[in-house]
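The values are calculated or read from the model by the stated rules, or taken from the named source; none is laboratory data. Note that the coordinates shown come from a computational prediction; the quantities given were computed from them, not determined experimentally. With ideal geometry, Cβ positions are generated from the backbone for all residues, glycine too; neighbour counts draw on all protein chains shown. Heavy atoms of the whole protein, side chains included, go into the accessibility calculation; ligands, DNA and RNA do not. Shrake-Rupley method; radii C 1.70, N 1.55, O 1.52, S 1.80 Å.
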Amino acid sequence: FPRFLNYSFLVSACSIFEYQLKRICDVIKDEHKMPFGWDMDNSKVSTLVKIKRYLKLAAIPLADDPPRIELRPPDFQPTEVFDESRVIIKVLWESLNDYFTIRNCIVHDNGVINEARNPAKVIKYATRKEIISYDHGQPEMSITPEYNIEVCNTMEKFFEKMMSAYYSTPL
């Protein structure tokens, strides 16, 4: 049952991500003497919206990686170099949001894309990521091990950025 194993891996990764976020926010609350936790308003917003709000209130800014610059002779004009591993926070948030959208499709709709909240968006994303298959003409999620590795790598980058920002923020 490789499909279900890949589904469960993604769902577990998202659950662990949420759990770790909550634990980190508890530390931030204690160390920064904040009067509230990350679920301060008990609204039904996503985990990612909650963490964005909380980091902003705690004054912990996540920053883009600086671009790599080369100085080329003879004028030594700085030239920005494309760096695939460069972390751009906006892109990181978008990726995380996409992962949770896919997770929700799996958990709430058994991976059947037409039953998801925004099927056109899910189909577009799943097609781009090559994690879609068709069963009797119906689009379904078809998570791959490579996709799960991408998810884990992105989550790792997020935690690295978050911890770097946290440790560089004065109490």
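Examine the range 80-90 for a residue that is surrounded by 12 or more Cβ atoms within 10 Å (Cβ to Cβ) and in a helix (DSSP H, G or I), and state whether such a residue exists.
Looking for residues that are surrounded by 12 or more Cβ atoms within 10 Å (Cβ to Cβ) and in a helix (DSSP H, G or I), one finds at least one in the range 80-90, hence yes.
Condition first: open to solvent by less than 60 Å² (accessible area, probe 1.4 Å) and of a type in the set (K, R). Now tell me which residues in the range 92-128 satisfy that.
R103 - this is the single residue of the range 92-128 that is open to solvent by less than 60 Å² (accessible area, probe 1.4 Å) and of a type in the set (K, R).
Conditions tested, residue by residue: (1) open to solvent by 60 Å² or more (accessible area, probe 1.4 Å); (2) over 15 Å from the mean Cα position of the chain (by Cα); (3) without any contact (Cβ under 8 Å) to a residue 12 or more places away in the chain; (4) more than 15 Å from M163 (Cα to Cα).
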position: F17; (1), (2), (3), (4): no, no, no, no
position: I28; (1), (2), (3), (4): no, yes, no, no
position: H32; (1), (2), (3), (4): no, yes, no, no
position: G37; (1), (2), (3), (4): no, yes, no, yes
position: N42; (1), (2), (3), (4): yes, yes, yes, yes
position: V49; (1), (2), (3), (4): no, no, yes, yes
position: K56; (1), (2), (3), (4): yes, yes, yes, no
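Considering the range 136-156 alone, what residues qualify as being outside any loop (DSSP other than H, G, I, E, B) and open to solvent by 70 Å² or more (accessible area, probe 1.4 Å)?
Those that are outside any loop (DSSP other than H, G, I, E, B) and open to solvent by 70 Å² or more (accessible area, probe 1.4 Å): Q138, P145, E146, I149, N153, E156.
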